[in-house]
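Heads up: the structure comes next, in structure tokens.
The values are calculated or read from the model by the stated rules, or taken from the named source; none is laboratory data. Given the structure is predicted, the values throughout are model-derived calculations rather than measurements. Using ideal geometry, Cβ is built from the backbone for each residue, glycine included, and neighbour counts are taken over all protein chains shown. Surface areas here come from the heavy atoms of the whole protein model, side chains and all, with no ligands, DNA or RNA. Shrake-Rupley method; radii C 1.70, N 1.55, O 1.52, S 1.80 Å.
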Amino acid sequence: MKRSLVGRLRIVRILPPPVRLILASMVLFNVGFYLVVPFLAVHLADELHLAAWAIGLVLGLRTFSQQGLFFLGGSLADRFGARPIVLLGVALRVVAFVALGFAEHLWSMIVGVVLVGLAAALFAPAVESTNAVYGHRLEADGVLARTELFGLEQMCSRLGSVVGPALGAVLLVVPFRWTAVAAAGLFALLWLAFARWLPDDASTSAAEPGAVAPTLRQVWRTVLVNRSFLFFVVLCATQLLAYNQLYLVLPEQLDRSTGSQAALGWFFAGAAVLVIVGQGPAVACARRLGHRNAIVGGLALIALSFLVPPLLLADPGRALAGLVGWVALLHVGQMLMVPPMRDVIGRLAGERNLGAHFGMLSTVGGLATLVGSVLVGWIYDLVDAGRTTAAAPWLALAAVVAASAGAMWLWSGRDRLSPAALARSAPASRR
């Protein structure tokens, strides 16, 4: 069912209170995140004077410590319940942003970004997998499709992304330290909200009430023996690598093309508006296409997006337009593929231990981003040395994502990713 933007916002009112809390937290979480992280590269380059490879290392470590540890964080949520892990993660992020704000050297910045990432590795998979369980129940009750709830997640995240980068751009005149402290204060308020309203029985598994919590060994085994799931997340990992280039390639290319990174916040805000307006139609389009076509098509669009800037880099007057085209097409691909991708993960997991399963997706993606970010930074150093062309970083990223799209198409077959086929292939022990 296709809903208007107003209709999608109205349906939030009939959702269970914990789901509304989770959706609201995604707004506030991204406000705090985007106050700081998109401007981290500016701080590292202009104030700490780090080389491009070192900036790539810091940003890659931030993503790896976050996404790379999602498997551990999600597993802990499966074992001990969502509520304690969410509260621990938010509290740690308060401490982490304060530490990041006062870091003055490469080693202390690494400590700060690792703490920031670890906090999210605890919080995010617990919240996302809990919401996926609620989505499974809402779909079974005929309230709305789970992919539509995932679309609402994306919209709420991007709503926070509108406010965060805009505030961050304004706060560029304020020392980075105090921007980080302000973000820490916002997360402190978020901790109070979860402590007050997240139920004690919030779960990451669609299990019967009173079911015995699995051990960590049992949680890990359900993930590591699921070969179809593991292969799927490996192929999907490149979308996270591609998206995280917004924190490395975009600031770098803005500085090269315009001599300034002042427009960085407005790029993120514009992309967020695109997602808020376009996510609903993208979900409707994905449902018509089917999971396989939507996921492969989204990856293909992401790969294509990296070919837009090289076509315009030679003309300084059109370089900015090339970056706009890249960011827009990258987000369209994400909007198309992410909701069905997440639904496939839930179904491949048999709707059990979703914290660990969603966490594994991010862990694999975080490893890909760590390696990829360092390599992209190295390629930019080669560009500066005149040893390769300015288009090289873009073409390399396009080739990696295109290879994933092709492999996904070949692996998925005619109907391997359809809900019916996924239900048949889910391990019996987890049904």
Cα-based Kirkwood hydrodynamic radius, segment 1-134, one decimal, Å: 16.2 Å
So, how do all the Cα-to-Cα distances of segment 213-370 break down into 5 Å bins, in percent, from 0 on up? 2, 9, 16, 18, 18, 14, 10, 7, 4, 2, 1, 0
Specify the angular offset, from 0 to 90 degrees and rounded to the nearest 10, of the alpha carbon long axis of helix 106-140 from the longest principal axis of the alpha carbons in the chain. 40 degrees
Could you give the Stokes-Einstein D for segment 171-298 in µm² per second, using the C-alpha Kirkwood radius, 25 °C, 0.890 mPa s? 123 µm²/s
The chain: angle of helix 82-101 to the longest principal axis, Cα-based, in degrees nearest 10: 10 degrees
Shape of segment 193-252 from its Cα gyration tensor (a ≥ b ≥ c, root eigenvalues): rounded if a/c is under 1.5, otherwise prolate when a/b > b/c, or oblate? oblate
Heavy-atom accessible area per residue of the chain, all protein chains kept, 1.4 Å probe, expressed in Å², is 40 Å²
Note the full-extension length gain between R416 and R137 as 0.36 nm times their separation in residues minus their Cα-Cα distance, in nm to one decimal. 98.1 nm
In square nanometres, what is one fourth of the surface area of the convex hull spanned by the alpha carbons of the chain? 19.1 nm²
Two-site label geometry, V174 and S108: point separation in nm, points 7 Å out along Cα→Cβ: 2.1 nm
Fraction of accessible area attributable to carbon and sulfur, the chain (%, probe 1.4 Å): 67 percent
Counting helices only, and only those DSSP H runs with n ≥ 4, report the 222 nm mean residue ellipticity of the chain as the sum of -39,500 (n - 2.57) divided by its residues, in deg cm²/dmol to the nearest 500. -26000 deg cm²/dmol
Share of pairwise Cα separations in segment 60-191, more than 27 Å, in percent: 26 percent
